[in-house]
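*Asks:* Below is a structure I'd like to ask you about.
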Amino acid sequence: MVSEMLLPWYPWIKAFHVMSVMAWMAGLFYLPRLFVYHCQVTVGSEESERFKIMERRLLKAITTPAMISSLLFGLLLVCIPGVINWSYGWWHVKIAALVGMFIFHGFCARWRAEFANDRNTHSERYYRIANEIPTVLMMIIVIMVIVKPF
């Protein structure tokens, strides 16, 4: 069975999953912060164009690949026997928070596209508040996976 073949690779899969999640979270923490700073510059200015490059590279070269690898390594982990006891409810909350993280990633991609087309309609304050969302979701996910409260 494929799941049993993965068992010897468990520490490696887990290590790559953690590294991928760290890179994904770094991107989701930093991208809204870039949006805050981007709001402070004049549309069409040299600074604005520099922010567009930074935002595109962060999303496309780091954040999105890290999201994909986090998902793939996470799926491999749940295929390994004994990693998750499906009778407990903590993983439902974790999955819900994870879905929220994917949705937030999608919003970041949309906001980046709006900035790239000089069509941002949100304020600095909006992005400052949005910047807290991945932190809250991450806290929920970590507590569910480490503490397994129910």
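The values are calculated or read from the model by the stated rules, or taken from the named source; none is laboratory data. Values in this document were obtained by computation on a predicted structure and should not be read as measured data. Please note: Cβ atoms are built from the backbone with ideal geometry, for glycine as well, and neighbour counts cover all protein chains shown. The accessibility values were calculated without ligands, DNA or RNA, using every heavy atom of the protein model including side chains. Shrake-Rupley method; radii C 1.70, N 1.55, O 1.52, S 1.80 Å.
*Asks:* Could you please give the count of residues in segment 89-109 that are closer than 24 Å to VAL2 by Cα and surrounded by fewer than 16 Cβ atoms within 10 Å (Cβ to Cβ)? I'd like the intermediate steps shown before the answer.
*Replies:* Narrowing segment 89-109 to residues closer than 24 Å to VAL2 by Cα: 91, 95.
Still in the list and also surrounded by fewer than 16 Cβ atoms within 10 Å (Cβ to Cβ): 95.
Of the residues in segment 89-109, 1 are closer than 24 Å to VAL2 by Cα and surrounded by fewer than 16 Cβ atoms within 10 Å (Cβ to Cβ).
*Asks:* Turning to a different aspect of this structure: Only one of (1) open to solvent by 60 Å² or more (accessible area, probe 1.4 Å); (2) farther than 27 Å from HIS38 by Cα is not met by LEU77, so which one is it?
*Replies:* (1)
*Asks:* Name the residues in segment 2-24 that are open to solvent by less than 80 Å² (accessible area, probe 1.4 Å), touching a residue at least 40 places away in the same chain (Cβ under 8 Å) and under 23 Å from ILE84 (Cα atoms), would you?
*Replies:* Passing the criteria: SER3, LEU6, TYR10, ILE13, HIS17, SER20, VAL21, TRP24.
*Asks:* Cβ contacts < 6 Å: first residue open to solvent by less than 30 Å² (accessible area, probe 1.4 Å), restricted to segment 38-52; second residue outside any helix (DSSP H, G or I), any location; separation 6+ or different chain. Result?
*Replies:* From residues that are open to solvent by less than 30 Å² (accessible area, probe 1.4 Å), the pairs are SER48/VAL41.
*Asks:* Additional query: Counting just the residues of segment 117-134 that are open to solvent by 40 Å² or more (accessible area, probe 1.4 Å) and in contact (Cβ under 8 Å) with a residue 12 or more places away in the chain, which one comes out farthest from PHE104 (Cα to Cα)?
*Replies:* Filtering segment 117-134 down to residues open to solvent by 40 Å² or more (accessible area, probe 1.4 Å) leaves 117-126, 128-129, 132-133.
Subset that is in contact (Cβ under 8 Å) with a residue 12 or more places away in the chain: 118, 120, 122-124, 128, 133.
Values: ASP118: 21, ASN120: 17, HIS122: 15, SER123: 17, GLU124: 17, ARG128: 14, ILE133: 8 Å.
If we take residues in segment 117-134 being open to solvent by 40 Å² or more (accessible area, probe 1.4 Å) and in contact (Cβ under 8 Å) with a residue 12 or more places away in the chain, then ASP118 is farthest from PHE104 (Cα to Cα).
*Asks:* If I filter segment 44-55 for residues that are outside any loop (DSSP other than H, G, I, E, B), of a type in the set (S, T, N, Q) and within 21 Å of the chain's Cα centre (by Cα), do I get at least one hit? Give the steps one after another, and end with the answer.
*Replies:* Taking segment 44-55 and keeping what is outside any loop (DSSP other than H, G, I, E, B), we get 46-55.
After this cut, where a residue has to be of a type in the set (S, T, N, Q) as well, the list is 48.
Filter once more, keeping what is within 21 Å of the chain's Cα centre (by Cα): none.
The answer is no, given that none of the residues of segment 44-55 is outside any loop (DSSP other than H, G, I, E, B), of a type in the set (S, T, N, Q) and within 21 Å of the chain's Cα centre (by Cα).
*Asks:* Surrounded by fewer than 15 Cβ atoms within 10 Å (Cβ to Cβ) and on the phi > 0 side of the Ramachandran plot: is that true of GLY82 in this structure?
*Replies:* Working: surrounded by fewer than 15 Cβ atoms within 10 Å (Cβ to Cβ): yes; on the phi > 0 side of the Ramachandran plot: yes.
Considered against the rule, which asks whether it is surrounded by fewer than 15 Cβ atoms within 10 Å (Cβ to Cβ) and on the phi > 0 side of the Ramachandran plot, GLY82 comes out as yes.
*Asks:* Could you tell me whether segment 57-69 includes any residue that is touching a helix residue (DSSP H, G or I) at 6+ places or on another chain (Cβ under 7 Å), within 23 Å of ALA109 (Cβ to Cβ) and surrounded by fewer than 17 Cβ atoms within 10 Å (Cβ to Cβ)? Outline the logic, then answer.
*Replies:* Step one: of segment 57-69, the residues touching a helix residue (DSSP H, G or I) at 6+ places or on another chain (Cβ under 7 Å) are 58-59, 62-63, 66-67, 69.
Checking which are within 23 Å of ALA109 (Cβ to Cβ) leaves us with 58-59, 62-63, 66-67, 69.
Retained after the next criterion (residues that are surrounded by fewer than 17 Cβ atoms within 10 Å (Cβ to Cβ)): 62.
Yes; the residues of segment 57-69 include at least one that is touching a helix residue (DSSP H, G or I) at 6+ places or on another chain (Cβ under 7 Å), within 23 Å of ALA109 (Cβ to Cβ) and surrounded by fewer than 17 Cβ atoms within 10 Å (Cβ to Cβ).
*Asks:* Further question on the same structure: Out of segment 1-38, which residues are modelled with pLDDT of 95 or more and polar (S, T, N, Q)?
*Replies:* If the condition is that a residue be modelled with pLDDT of 95 or more and polar (S, T, N, Q), then SER20 is the only one that fits.
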